[in-house]
1. How many residues, within segment A:246-283, are part of a helix (DSSP H, G or I), farther than 19 Å from A:L90 by Cβ and away from chain B (no Cβ under 13 Å)?
2. Yes or no: B:L101 within 15 Å of the chain's Cα centre (by Cα) and part of a helix (DSSP H, G or I)?
3. All but one of (1) in a loop (DSSP other than H, G, I, E, B); (2) within 14 Å of chain B (Cβ to nearest Cβ) hold for A:Q109; state the number of the condition that does not hold.
4. Step by step: first the residues of segment A:380-397, then only those that are surrounded by fewer than 23 Cβ atoms within 10 Å (Cβ to Cβ) and assigned to a loop (DSSP other than H, G, I, E, B), then the one that is farthest from the ligand (Cβ to nearest atom). Which residue is that?
5. In this structure, is B:E198 closer than 18 Å to B:G99 by Cα, outside any loop (DSSP other than H, G, I, E, B) and touching a strand residue (DSSP E or B) at 6+ places or on another chain (Cβ under 7 Å)?
6. Please verify whether segment B:21-33 includes one or more residues that are touching a helix residue (DSSP H, G or I) at 6+ places or on another chain (Cβ under 7 Å), at pLDDT 95 or above, of a type in the set (S, T, N, Q) and surrounded by 22 or more Cβ atoms within 10 Å (Cβ to Cβ).
7. Determine whether A:A45 is surrounded by fewer than 15 Cβ atoms within 10 Å (Cβ to Cβ) and aliphatic (A, V, I, L, M).
8. With the structure loaded, tell me whether B:R17 is surrounded by 24 or more Cβ atoms within 10 Å (Cβ to Cβ), within 14 Å of chain A (Cβ to nearest Cβ), without any contact (Cβ under 8 Å) to a residue 40 or more places away in the chain and more than 24 Å from B:Y194 (Cα to Cα) or whether it fails that test.
Amino acid sequence: MAGDYKFDTLGLHAGQSPDERFGSRAVPIHQTTSYVFEDSEHAAALFNMEIGGHIYSRLSNPTVAVLEQRLAALEGGVAAVAVASGMSALFLTVLALCSAGDHIVSSSQMYGANINLFEHTLSRYGVETTFAKPNDPDGFAAAIRPNTKMIFGEVIGNPGLDIVDVPKIAAIAEQAGVPLVLDATFNTPWLFKPLDHGANIVIHSLTKWIGGHGVAMGGAIIDGGNFDWGQNDRFPTLTSPHYAFQQVNLWEEFGPLAFTMRVRSEGMYNVGPCLSPTNAFHLLQGLETLGLRMERHMSNTQKMLAFLSAHEQIGWVRHPSLDDHPDHDVAKRLMPKGAGSIIACGVKGGREVGRAFIESVELASHLANVGDAKTLVIHPGSTTHSHLTPQAMQNAGLTDDMIRISVGLEDFDDLAADFDRALKIAGKSVGGSK
Amino acid sequence: MKIDVNGAEVFVSTGGRPFDPDGTVLLLIHGSGQTHLTWLLQGRFLANRGWQVLMPDLPAHGLSVGEPLTSIPDMAAWCAQLLKQTGVKRAHVVGHSQGGLVGLELASSQPEVVASLTLVATALSIPVNPALLELAQSREEKAIAAMTDWGHGREGHFHDATMPGLDQMNFTSHVMASNETGALFADLSACASYDGGEDAARSVVCPCLCILAENDRMTPARQGRKMAATLTDAREFVISGAGHMLTVEKPYEVLKGLRGFLPHPA
Ligand SMILES: Cc1ncc(COP(=O)(O)O)c(C=O)c1O
C-alpha cells in the first residue's frame, strides 16, 4: 500500500471530494434514479463501461460511490460495490463466481442466513457447498475440488465466535487457486483487515458496526484485486467473453477490477439489490466514527467479560479474548486490539432463566441485530438461528442456553447495574416457579 | 490478443475489439512498472469509436511473459517489431511517462511508422532518484508504494475516482504488483540511463501533443513544457489538478486532449 492517510482520517475523508459547485462539506445525498448524459456518445460509453460515471442508481450512485470508495480505502481493496444488505453482498459474490455445477467450501459456524443460502438456496441452482470447521484448515483443504470457485467464512463466526485462521486458510486457498472470500462484519477493518492477510474478497453487513446506529441496512463487497483469475480456466465468468460489453474478457480489459466489473455489470444490472442513497449517507455518518466507536466497544467488552466471568449466575462465557476459548491464540495473533464486541454466555438454570434475563434487562435492548451503539441481547436458538435444523444448530456450536450480547457504548457502570439486576430477577423468577 | 514478439508471447489489448491493421491505428505504450491498464479509461472508449487500438504489455509486464527490456531504444525497437508483426504500416503513437520516451525514440528512429506522437506526462529525460532505483531492486513493494504515493494527486490520495467504487491508489499498486519481479527495476534503470531524449525530440517530424499534469511530481509539468518547446511541431494540453497517473485520475480530460488532436478514424 502506498503512503496513505491513517485509518481514522480515511474514515472521515476517503472517497469524497467536496463538490465543486456548492462546496458542500458533508457528502450530499444524491436522491436521484438517473443522470443526464452529455450526449449520445457519452451515454453509450457509460453503458459499455468505457469511462467512469453514473447512469442509473441501480448500477451506481454518487453518494453510494463515496461509501464504496471509503470502504475500499479502509480495507485496502481496489474497488468496492455497496449493496442493499449483507445478504445481497454474499449472494452477488457467489453469482459473480459460481454457475450450476460449481462448488463452494464454507465455514460451518456462521450466521444462519449465510448457512441457509449455501445449504438450501444455492443447492437448488446446482451450486453445492461443503462445510468445514472454521478452525480446521485441513478440513478446508480436503474439501476443495476442481470445481470449487470460492472458500468462504466469517472471520469471527456469528454467534459462536470461532475464528478463521485467515493466513493459514489463505495459503491453502492460494495453493489450490481458489479465492478466499471473508465476511468481516464482526471484526470490521478497525480490528482486522483480511486483505492484508491473504484474503481476496471481503464482504460486510454494513447494517452492524460500520453504520453503528442501527438506522440503515446495507452491505458491501470489497475486491482485493489480488487474485489471478487468469491462472487457468476455472473462472469463466471473468475470463471468457462477457455478454454485457461486446464479448469483452473482463480479466484482460479490467485486470484487478475484473470481479468488481462482473458484480456491477451482472449482479447490480440483472439482480439489482442497490443501496438507497439515503442509507448510504447514514452509513457514511456511522463510518466517520468507526475508529472511535470500536475503541469504546472493545473497552466495554473487556469490562463486560470481567463482569460476566465473575458473576455467580453466569454458567459460562465465551469470547476469543478469554484464555479458555479454543481460538484464543489465533485471535490474539490476528486481532491484537480484541476479537470483537460480541459475547456469548449461558445463564445458570438454562433456557428459561436466559429467557427471563433477556426480558428483564431495561437498558440493553432485546432485538435481532448486532453492532449497534446500544447494547443488545438475544437468544439465537429461538431467533436468528432458529431456521437451522437441530443438527445444523449443533454443527454451528449453538447450545440452547446461549445468549448473545452485543456490547454497546453506554457507560459501563450503567450496563453492569442493568445486567446484575436482570440476572437477579431472572434467577428468582424461575427459582420461584419451581 | 496474444502474439509472439521476438520469441516471447506477449499480450496486446485491442480494447476488446477485433483489430484491423489497415484502419487508423493507435499504439498506446505504458510507463515504468505499469501495464496496458494505464489506458483502462481511454483504450476501450477509443476502440469502440473506430480506432484500431494496440495496448501492449511490455515483456514481463501484465499478461506478457519474457525478460524485461532494459533500454529505451530496445523498447522502441520492440514496439516497431510489434507493429510489423501485426501488419501495421503507420500508427499514431501515445506514450505515458517512460512510454513517452519510447515514443520519442520510435518517432525519431523510424519516422515512417509514426503518424503522430502524443506524450502523456513525459519529459525529455526521466531521471530516477537513486534511492528509488535501489528500492526497486531490493524491496520492490516499497518502490511500488512510493511511486503510487508520488504518482497520484489529490483525488487519488482522497480515494475518489470517476469510476464509481474504484480506489485508484490501490488499483495502481496492484497493477504494478502484477508484473514480474525485476520488471520495475529494468524500467527505472532504462529511464535513468536514457539521455537521447533531447536529440530524439529535435529530430521528430510528425505532429506532437504533450498532455501534461499540473501537479505531476514525477515528470513535472515544466519539464513537459520544455519538451514541447524542443519539439518542432507540438501542442500542449495541460490538465489541472492531476498527478502523474492522470489517465486514471482525470480520464475524461485525457480523452478530450487525445480527441482534440488525433484525426477522426477512417
Ligand atoms: C456475520 C453476518 N453476516 C451477514 C449478515 C447479513 O447482513 P444483513 O442483515 O445486512 O443482510 C449478518 C446479519 O445479520 C451477520 O451477522
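The values are calculated or read from the model by the stated rules, or taken from the named source; none is laboratory data. Worth saying up front: this structure is predicted, and the values here are computed from it rather than measured. Because the Cβ atoms are built from the backbone with ideal geometry, glycine has one as well, and the counts that use them run over all protein chains shown.
1. 3
2. Values: within 15 Å of the chain's Cα centre (by Cα): yes; part of a helix (DSSP H, G or I): yes.
It is true that B:L101 is within 15 Å of the chain's Cα centre (by Cα) and part of a helix (DSSP H, G or I).
3. Exception for A:Q109: condition (2).
4. The first filter runs over segment A:380-397 and keeps only residues surrounded by fewer than 23 Cβ atoms within 10 Å (Cβ to Cβ), leaving A:381-384, A:386-395, A:397.
If we keep only those that are assigned to a loop (DSSP other than H, G, I, E, B) as well, we get A:383-384, A:386-389, A:397.
Numbers: A:T383: 11, A:T384: 7, A:S386: 13, A:H387: 12, A:L388: 14, A:T389: 19, A:G397: 14 Å.
Checked segment A:380-397; the qualifying residue farthest from the ligand (Cβ to nearest atom) is A:T389.
5. Working: closer than 18 Å to B:G99 by Cα: yes; outside any loop (DSSP other than H, G, I, E, B): yes; touching a strand residue (DSSP E or B) at 6+ places or on another chain (Cβ under 7 Å): no.
No; evaluated as a whole, the condition is false for this residue.
6. Taking segment B:21-33 and keeping what is touching a helix residue (DSSP H, G or I) at 6+ places or on another chain (Cβ under 7 Å), we get B:26-33.
Filter again for at pLDDT 95 or above, leaving B:26-33.
So of that shortlist, the ones also of a type in the set (S, T, N, Q) come out as B:32.
Among the residues that remain, those that are also surrounded by 22 or more Cβ atoms within 10 Å (Cβ to Cβ) are: B:32.
Yes, segment B:21-33 contains at least one residue that is touching a helix residue (DSSP H, G or I) at 6+ places or on another chain (Cβ under 7 Å), at pLDDT 95 or above, of a type in the set (S, T, N, Q) and surrounded by 22 or more Cβ atoms within 10 Å (Cβ to Cβ).
7. Numbers: surrounded by fewer than 15 Cβ atoms within 10 Å (Cβ to Cβ): no; aliphatic (A, V, I, L, M): yes.
Judged against the criteria, A:A45 is not a match.
8. On the way: surrounded by 24 or more Cβ atoms within 10 Å (Cβ to Cβ): no; within 14 Å of chain A (Cβ to nearest Cβ): yes; without any contact (Cβ under 8 Å) to a residue 40 or more places away in the chain: yes; more than 24 Å from B:Y194 (Cα to Cα): yes.
In short, no.
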